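One structure is given below, encoded as C-alpha cells.
The values are calculated or read from the model by the stated rules, or taken from the named source; none is laboratory data. For clarity, every value in this text was computed on a predicted model and none was experimentally measured. Because the Cβ atoms are built from the backbone with ideal geometry, glycine has one as well, and the counts that use them run over all protein chains shown.
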Amino acid sequence: MSYYEHVFITRPEIAPQQVDTLVEEIKTIIKDNGGKTVYTEYWGLRDLAYKIKKNERGHYSLLRIDGPSAAIQELERIQKLNEDVIRYLTTRTESINEDSSPVMKASVKKEGSYSSNRGA
C-alpha cells in the first residue's frame, strides 16, 4: 500500500463538530476501500492566503492515510461533490509519520510564547 497526506479546507460557516463528522466520514470511506487512517489533526479556523469561493477563512484538517490509490480516488471524488469542502490536496509520501505536523508544532510554540509573555 501507499502512504498519503490529505489536507482539506472546509467552509468557515460550519461548526468544528461538523468538521469532525466529515473526518469520520472520510475514515469510513478509506476503511471501506481497503485502507486505514493512521493520523488526523484539526488545525482550526485559519485565514486563507486568498479568497476561495468568496471565503476568506476555512477549517483546515490533515489526515495521514495508508491505503490503495483506489481509496484516494474515491475520497477525492466524494470531496469534489461535497459543498462544505472548499479545497483539498492529497500528496503521496515515502513513509508515514505519526508525529505532529509542522503547522501544529508552530501553533503550540506560538501559544506557549504568548502565555509566557502574558504574565510579564
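Quick one: in the stretch 93-107, which of the residues that are surrounded by 11 or more Cβ atoms within 10 Å (Cβ to Cβ) and of a type outside the set (G, A, S) is modelled with the highest pLDDT? Show your work before the answer.
Step one: list which residues in the stretch 93-107 are surrounded by 11 or more Cβ atoms within 10 Å (Cβ to Cβ), which gives 93, 96-97, 100-101, 103-107.
Then drop every residue that is not of a type outside the set (G, A, S), which leaves 93, 96-97, 103-105.
Numbers: T93: 91, I96: 81, N97: 75, V103: 76, M104: 72, K105: 68.
Here the residue is T93.
Anything in the stretch 3-29 that is surrounded by 15 or more Cβ atoms within 10 Å (Cβ to Cβ), over 10 Å from the mean Cα position of the chain (by Cα) and closer than 22 Å to P102 by Cα? List them, or say none.
Y3, Y4
Can you name the residue in the stretch 72-109 that is β-branched (V, I, T), part of a strand (DSSP E or B) and under 12 Å from S2 (Cβ atoms) and is also nearest to the chain's Cα centre (by Cα) among such residues? Give the steps one after another, and end with the answer.
The initial filter retains those residues of the stretch 72-109 that are β-branched (V, I, T), namely 72, 78, 85-86, 90-91, 93, 96, 103, 108.
Restricting the remaining residues to those that are part of a strand (DSSP E or B) gives 85-86, 90-91, 93.
Adding the requirement that they be under 12 Å from S2 (Cβ atoms) leaves 90-91, 93.
Working: T90: 10, T91: 12, T93: 15 Å.
Looking at residues that are β-branched (V, I, T), part of a strand (DSSP E or B) and under 12 Å from S2 (Cβ atoms), I get T90.
Count, please, the residues in the stretch 30-71 that happen to be in a helix (DSSP H, G or I) and buried (at least 19 other Cβ atoms within 10 Å of the Cβ). Break it down stepwise before answering.
Restricting attention to the stretch 30-71, the residues satisfying the condition of being in a helix (DSSP H, G or I) are 30-32, 69-71.
Next cut, buried (at least 19 other Cβ atoms within 10 Å of the Cβ) only: 30, 71.
Residues in the stretch 30-71 being in a helix (DSSP H, G or I) and buried (at least 19 other Cβ atoms within 10 Å of the Cβ): 2 in total.
Looking at R57, R64, which is the one that is in contact with a strand residue (DSSP E or B) (Cβ under 9 Å, 6 or more places away or on another chain), more than 22 Å from E98 (Cα to Cα) and either of a type in the set (K, R) or modelled with pLDDT of 95 or more (or both)? Walk me through it before giving the result.
Details: R64 fails: more than 22 Å from E98 (Cα to Cα).
Residue meeting the stated conditions: R57.
So if I check each of G34, G67, which one is small (G, A, S) and in contact with a Phe, Trp or Tyr (Cβ under 9 Å, 6 or more places away or on another chain)?
G67
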